[in-house]
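Heads up, the thing below is written out as structure tokens.
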Amino acid sequence: MFGLSRNRFRDGFAGILEKLVLVLVVALATVVIMGVFFRKIGIALVWYDEVASILLAWLTFYGSVLAALRQEHIGFSKILDGVGQTARRCLIVFGKTAVIGFFVLVAWSGWTVFGVLGGDTLVSLPWMPQRLTQSVIPIGAVLFIVAELTVLPDLWHDRDREEV
């Protein structure tokens, strides 16, 4: 029962992230095409560079969460495959602890930035708050932690089945 609900959570989480990443890819492609088009006709968009870089950062953060959830990040799976069950579990715990610890630090740092930003806005779009654009840092870090915790039981148990 727990495994079924965990898989349902993971699948729902992945579905939401896939849709978000797709929207971000389309938005970034649209902004880049618009930027090139308007620059080509001699009417450069003032906000293009700033918005494109923000969309790229958002795409990077949320895309990396999706990759973590699918266990598609760069890893050392051959090392895990080449050691015994006890060593494998120790390496899994060490690796996940290091990654989660790093993203706890990123989330805390991102949240701290909120206090520094105050009421600042984007330079080219003064109606857009910096806090909104920078929210990807703590939100993305927390989502990365959730993704790591979500795949940990599968990683732990899938390795056991391979040895049987």
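Taken together, the values in this text are just the output of simple stated rules run on the coordinates, not laboratory data. All of these numbers come straight from a predicted model, not from anything done at the bench. Ideal geometry is used to build each Cβ from the backbone, glycine not excepted, and the neighbour counts take in all protein chains shown.
Relative contact order of the chain: what whole-number percent is it, with Cα pairs under 8 angstrom and at least 6 residues apart?
About 26 percent, as a whole number.
By how many nm would the segment from H157 to F37 grow when fully extended, if each residue of separation counts as 0.36 nm and the alpha-carbon distance is taken off? Before the final figure, lay out the partial values.
Working: separation 120, 0.36 × 120 = 43.20 nm, distance 5.18 nm.
Stretched out fully, the H157 to F37 stretch lengthens by 38.0 nm.
What's the ranking of 42-48, 135-141, 108-114 by average number of surrounding C-beta atoms within 10 Å, highest first?
Values: 42-48: 12.0, 135-141: 19.1, 108-114: 14.1.
Most protected by this proxy first, the peptides run 135-141, 108-114, 42-48.
Evaluate E = 1/(1 + (r/R0)^6) for L117 and S77, where r is the Cβ-Cβ distance and R0 equals 35 Å; express this FRET efficiency to the nearest 0.05.
Numbers: r = 39 Å, r/R0 = 1.13.
The value I calculate is 0.35.
In vacuum, with every alpha carbon of the chain counted as one equal point scatterer, what does the Debye formula give for log10 I(q)/I(0) at q = 0.09 Å⁻¹? Two decimals, please.
-0.42
Using 1/(1 + (r/R0)^6) with R0 = 41 angstrom and r between the beta carbons of R89 and S135, what's the FRET efficiency to the nearest 0.05?
Values: r = 36 Å, r/R0 = 0.87.
Efficiency, from the Cβ-Cβ distance: 0.70.
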